[in-house]
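J.: Please see the structure below; I have some questions.
Coordinate-derived values only; no laboratory data. Keep in mind it's a predicted model, so treat the numbers as computed, not measured. Note that each Cβ is placed from the backbone with ideal geometry, even for glycine, and that neighbours are counted across all protein chains shown.
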Amino acid sequence: DGGITQSPKYLFRKEGQNVTLSCEQNLNHDAMYWYRQDPGQGLRLIYYSQIVNDFQKGDIAEGYSVSREKKESFPLTVTSAQKNPTAFYLCASTPLGSYNSPLHFGNGTRLTVT
Amino acid sequence: AQSVTQLGSHVSVSEGALVLLRCNYSSSVPPYLFWYVQYPNQGLQLLLKYTTGATLVKGINGFEAEFKKSETSFHLTKPSAHMSDAAEYFCAVSSTGGNNRKLIWGLGTSLAVNP
């Protein structure tokens, strides 16, 4: 079955270290997204990409970086510049150009930085 | 600017009772509206969506929602709650215009179902 795979499910890092979260999809979707979820704050968009080798900042891009070298992969790096990185991170995808197509989500990565 | 308001961050119902989760939106253009469900430590799953046409939309797991333009609402209902409905529910509106697709999310409503 097609879907989105995020790994690892749980990730622990020390403050000051960069960490990369993996997101892979086999849905043949063009657009991919990274969201951050904190309790009581809903979902906030970090970065999105509509095509390979192109991506745009979302609402809270500071302290994060992404790459889109392959259509099926959209890794997110949480850098040491992110002041409060502990959160639940969700990757999603959708076909390009369709405003009414739903997002398909992975099962998330819970990052804890101490 | 578009916005989504979910009234009530926590809702508690008894098993078998009516579920009503409220969502109001603001949009300067006809919106596309979505309800998603999230179970603990999982991603979100689409429950239902409204794009055009019939204003009463049926989704998975017995849920439905009605688009009321005059009230700018898209409330989610289920006639009889089941224990397995306990989850976080998110309402979202899709912005239109240009090639950028961006969802505006509500803050979520946590549904508890009591035996």
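J.: Taking the Cα centre of chain A as the origin and placing charges on Cβ (Lys, Arg +1; Asp, Glu -1), which of A:A87, A:G2, A:V66 is farthest toward the positive end of the dipole?
T.: In chain A, that residue is A:A87.
J.: What is the calculated FRET efficiency for A:N84 to B:S9, with r their C-beta to C-beta distance and R₀ = 25 Å, to the nearest 0.05?
T.: Numbers: r = 21 Å, r/R0 = 0.84.
Computed FRET efficiency for A:N84 and B:S9 comes out at 0.75.
J.: Between A:G63, A:G42, A:G16, where does the largest GNM mean-square fluctuation fall for chain A, given springs only between Cα atoms within less than 10 Å?
T.: A:G42
J.: On to the next question. Say R0 is 22 Å: what FRET efficiency, to the nearest 0.05, do B:E71 and B:A1 get from their beta-carbon distance?
T.: 0.65
J.: Among B:N24, B:N41, B:N61, which one shows the biggest mean-square fluctuation in a GNM of chain B, springs joining Cα atoms closer than 10 Å?
T.: Largest GNM mean-square fluctuation: B:N41.
J.: Let me ask you something else. State which entries of A:K14/A:K83; B:K58/B:K78; B:K49/B:K78; A:K14/A:K57; A:K83/B:K102; B:K49/B:K69 exceed 20 angstrom in Cα-Cα distance in the structure shown.
T.: Beyond 20 Å between Cα atoms: A:K14/A:K57; A:K83/B:K102.
J.: Separate question: Count neighbours as other Cβ atoms within 10 Å of each site's Cβ, and list the trypsin sites (Lys or Arg not before Pro) in region B:56-91 that are DSSP loop with at most 11 such neighbours.
T.: In loop regions of region B:56-91 (DSSP not H, G, I, E or B), the sparsely surrounded trypsin sites (Lys or Arg not before Pro) are B:K69.
J.: Cβ under 12 Å from B:K58's Cβ, B:K58 left aside: what net charge do those residues give with Lys, Arg +1 and Asp, Glu -1?
T.: 0
J.: How high is the FRET efficiency from A:N28 to B:I60, r the C-beta distance, R0 22 Å, rounded to 0.05?
T.: In this case the efficiency is close to 0.40.
J.: Compute a Gaussian network model of chain B, connecting alpha carbons closer than 10 Å, and tell me which residue from B:Y39, B:Y89, B:Y25 fluctuates the most.
T.: Highest fluctuation among the options: B:Y39.
J.: Using all C-alpha to C-alpha distances in the protein assembly as shown, build P(r) with 10 Å bins and read off the rounded percent in each one.
T.: In whole percents, the pair-distance histogram is 8, 32, 35, 20, 5, 0.
J.: Another question about this same structure. Kirkwood hydrodynamic radius (Cα pairs, Å) of region A:73-114?
T.: Mean inverse Cα-Cα distance, inverted, gives 12.4 Å.
J.: Only sites in a loop by DSSP and with at most 12 other Cβ atoms within 10 Å count here; which GluC sites (Glu not before Pro) in region B:23-115 make the cut?
T.: Taking region B:23-115 and a limit of 12 other Cβ atoms within 10 Å, the loop GluC sites (Glu not before Pro) found are B:E71.
J.: How much length is gained if the chain between A:K9 and A:Q56 is pulled fully straight, taking 0.36 nm per residue apart and subtracting their Cα-Cα distance, in nm to one decimal?
T.: So the chain would gain 14.4 nm between A:K9 and A:Q56.
J.: Would you compute, for the Cα atoms of chain B, the largest minus smallest coordinate along each principal axis and list the three values in descending order, in whole Å?
T.: 47, 29, 22
J.: Within a 10 angstrom radius of each residue's Cβ in A:33-41, how many Cβ atoms of other chains show up on average? Whole number is fine.
T.: The shielding value for this peptide is 3.
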